[in-house]
Amino acid sequence: MASRPVSESAVLLQPRLPRVPRLSRAYSDRRGLIIGCLSVVVATAIAVPAYGPMHDLFAYFFGASIAPAYALLAVAPGPVLAAAGVLALWSHPSSRIGPLLMAEGLAWDIGPFFSKVTAIPAAAELSLLTGYISYAIGGHILLSYPSGRLRATSDRVLVALLYVVFGPAIIVCSLFHGDFGPGCPTTPANAFLITVNNTLDIASNSAYFGIAAVLVALTGLRSVPRWIAATPVARRALAPVYVTRWLLAGSIVLWCVVGAGVVFGNITKPNLFLQVPVNVAAMASAAGILVVFMRKATAGGAAGRLALDLDAAPLAPGRLERAVRAALGDENARLLFRDLDGTAWVDSAGQRVAASEGRSITTLDGMSGSALEHDAAFDDDPAVVEAVGAVAGLALEAERLRVMLRAGGRNGDGNGHAAHNGSAAMRSLLTPREYEVLQLVAEGLTDGAIAQRLYLTRRTVETHLGHVFLKLDVPRGSSHNRRVHAVRRYLEAAELRLSDPIEADARAR
């Protein structure tokens, strides 16, 4: 398992904080998922009555034959977005994107729902005020992805304006709007009416849609520089959501531009028709979240690829780091280890290094001061790093011990020369086959891989390891990893010429 990424100073100077108790975290996650599932149920319950008004509207303008398909497409994004929110909450519980998606799904059909349930007081007014609030939530998601938190003041201002425009500001469209007036022939007059004036009705609707188009366009453009500045790994993480959200923003902008064209005549039919790409893009954005959600499952795939890579051949110097890079898809990832004093990092060659600017360090639990420096994009998707770190496990500990020997030697004479009699003593203690099995364990191979390499059964390998543990007096108990203890003793006894550590390590194989 891996801890949350921390800064360089925190890693070196501060003690590890205790983890949140698993029972409490599990309860919190379960409660969030229950709320998420209820949101899907509610979104579906809202979509069912909302289907009626949309069906009637499309039937009136486009004919009864295609009205069912159009109406279904109009209300489907609500439950779909809410379901995507549940998946996002499950895969990234610390992010606010999941709750935002659930809110977007709930708000998607709330306007048609209010217009259908006329028994609710002020149903027409509520329908008007809530009809497009989901568009504002969508912009909020785009500007705050992947954490769900707006970091820049300009983003906060822009999102606030979106909520105002797609919420209470829509009242201006009804201030001079009579029953089914020219500004919007599908909408009756309501309590916001001041006086009927067709000219002002058209002007207010055109201005409203023009302002909405500008704000949505700015929202989409604000995210482009972040995409350009992102690393390749970050772009892969951003792509599913950014691309689909850009499509949604673009389709809303087009819809608003046509709406602003009311000054040139009746645009009701093209405006309704353009709701189709908006609805399709909304469901595509939910699919983008699904892709991100699936990465939680592909974390196991990355770990599986690493496990196969580590089993394929002995771990020559630098090979573990290359395997980890391939598993993460991050060509600049590197393994770091605390030096013997615990005050600095050393790399796989035993050289002291500083943390790279703009990258994150994830410390690995139970690995005696091992860490992985990786692209900061994994900070918001830590499951992959955790899975890779867990699989690296024993091989990573073995690599750390080699690095310590390269960096100064635990059993050296102070001049960088390892004790030469340690390996001979261990060979005399173990049988040739037992020593051979221990060598392969130190290279990071599993029992199954060792059995294939030596043409033995897995049970025979386990028996040899049992003898090794006994002869080396490896401690027992659930608090000890016996393989790690055995590998440590093997490496400390290995004959390494520290004047040329890489070459000596390769020759020792």
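The values are calculated or read from the model by the stated rules, or taken from the named source; none is laboratory data. In this text the structure is predicted, and so the values were computed from the model without any measurement. Neighbour counts are summed over all protein chains in view; Cβ atoms, including those assigned to glycine, are modelled from backbone coordinates with ideal geometry. For accessibility, only protein heavy atoms count, side chains too; no ligands or nucleic acids. Shrake-Rupley method; radii C 1.70, N 1.55, O 1.52, S 1.80 Å.
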(message) For the condition touching a Leu at 6+ places or on another chain (Cβ under 9 Å) and without any contact (Cβ under 8 Å) to a residue 60 or more places away in the chain, what is the one hit in G259, G183, G210, G265?
(response) G259
(request) Please list, ordered by first then second residue, the pairs with beta carbon atoms under 6 Å, 6 or more apart or interchain, first in segment 434-446 and free of Cβ contacts under 8 Å to residues at least 60 places away in the same chain, second hydroxyl-bearing (S, T, Y). (result) L438/Y490; A442/Y490
(message) Considering only residues that are among the aliphatic types (A, V, I, L, M) and closer than 20 Å to L396 by Cα, which ones fall in segment 428-480?
(response) V437, L438, L440, V441, A442, L445, A449, I450, L465, V474
(request) Taking only segment 39-72 into account, find how many residues are buried (at least 17 other Cβ atoms within 10 Å of the Cβ) and aromatic (F, W, Y). (result) 3
(request) Could you list, in sequence order, all residues of segment 117-150 that are charged (D, E, K, R) and over 19 Å from A88 (Cβ atoms)? (result) E125
(request) Would you check if there is a residue in segment 132-142 being in contact (Cβ under 8 Å) with a residue 40 or more places away in the chain, of a type in the set (A, V, I, L, M, F, W, C) and under 21 Å from P185 (Cα atoms)? (result) no
(request) All but one of (1) open to solvent by less than 10 Å² (accessible area, probe 1.4 Å); (2) at pLDDT below 60 hold for W345, so report the exception by its number. (result) (2)
(request) With respect to V263, determine if the residue is out of contact with any Asp or Glu (no Cβ under 7 Å at 6 or more places or on another chain), among the β-branched types (V, I, T) and surrounded by fewer than 21 Cβ atoms within 10 Å (Cβ to Cβ). (result) yes
(request) Within segment 140-163, track down each residue that is open to solvent by 10 Å² or more (accessible area, probe 1.4 Å) and either within 18 Å of G259 (Cα to Cα) or assigned to a loop (DSSP other than H, G, I, E, B) (or both). (result) Y145, P146, S147, R149, L150, R151, A152
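Residues checked against (1) in contact (Cβ under 8 Å) with a residue 40 or more places away in the chain; (2) under 27 Å from A83 (Cα atoms); (3) part of a helix (DSSP H, G or I); (4) among the β-branched types (V, I, T):
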position	(1), (2), (3), (4)
L193	no, no, no, no
W227	no, yes, yes, no
P240	yes, yes, yes, no
S251	no, yes, yes, no
W255	no, yes, yes, no
A284	yes, yes, yes, no
A287	yes, yes, yes, no
(request) Take segment 1-33 and flag every residue that is open to solvent by less than 100 Å² (accessible area, probe 1.4 Å) and either at pLDDT 85 or above or outside any helix (DSSP H, G or I) (or both). (result) A2, S3, P5, V6, S7, V20, P21
(message) Looking at segment 186-195, can you tell me whether even one residue there is over 19 Å from T130 (Cα atoms) and touching a Leu at 6+ places or on another chain (Cβ under 7 Å)?
(response) yes
(request) Can you tell me which residue within segment 219-234, out of those that are surrounded by fewer than 17 Cβ atoms within 10 Å (Cβ to Cβ) and of a type outside the set (D, E, K, R), is modelled with the highest pLDDT? (result) L221
(request) Restrict the check to segment 171-190 and report whether at least one residue is crowded, with 19+ Cβ neighbours inside 10 Å, more than 28 Å from F58 (Cβ to Cβ) and among the aromatic types (F, W, Y). (result) no
(message) Could you list, ordered by first residue, the pairs with Cβ atoms under 8 Å in which the first is in segment 66-91 and acidic (D, E) and the second is assigned to a helix (DSSP H, G or I), at least 6 apart or interchain?
(response) none
(request) Select from segment 85-102 the residues that are over 22 Å from L126 (Cβ atoms), open to solvent by less than 40 Å² (accessible area, probe 1.4 Å) and either hydrophobic (A, V, I, L, M, F, W, C) or not in a helix (DSSP H, G or I) (or both) and list them in ascending order. (result) V86, A88, L89, H92, S95, I97, L101
(message) Going residue by residue through segment 166-188, is there one that turns out to be among the aromatic types (F, W, Y), outside any loop (DSSP other than H, G, I, E, B) and within 24 Å of L248 (Cβ to Cβ)?
(response) no
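Listed here are the residues, each with its yes/no results for (1) under 18 Å from the mean Cα position of the chain (by Cα); (2) crowded, with 23+ Cβ neighbours inside 10 Å.
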{"site": "A83", "(1), (2)": "yes, no"}
{"site": "E104", "(1), (2)": "no, yes"}
{"site": "V117", "(1), (2)": "no, no"}
{"site": "T130", "(1), (2)": "no, no"}
(message) Filter segment 84-123 down to the residues that are charged (D, E, K, R) and over 19 Å from S144 (Cα atoms) and list them by number.
(response) D109, K116
(message) Condition (residue is outside any helix (DSSP H, G or I) and of a type outside the set (S, T, N, Q)) applied to segment 208-220: is it met by at least one residue?
(response) no
(request) Residue by residue through segment 300-342, note down the ones that are part of a helix (DSSP H, G or I) and modelled with pLDDT of 70 or more. (result) R319, L320, E321, R322, A323, V324, R325, A326, A327, L328
(request) For E125, indicate whether it is open to solvent by less than 10 Å² (accessible area, probe 1.4 Å), of a type in the set (D, E, K, R) and not in a loop (DSSP other than H, G, I, E, B). (result) no
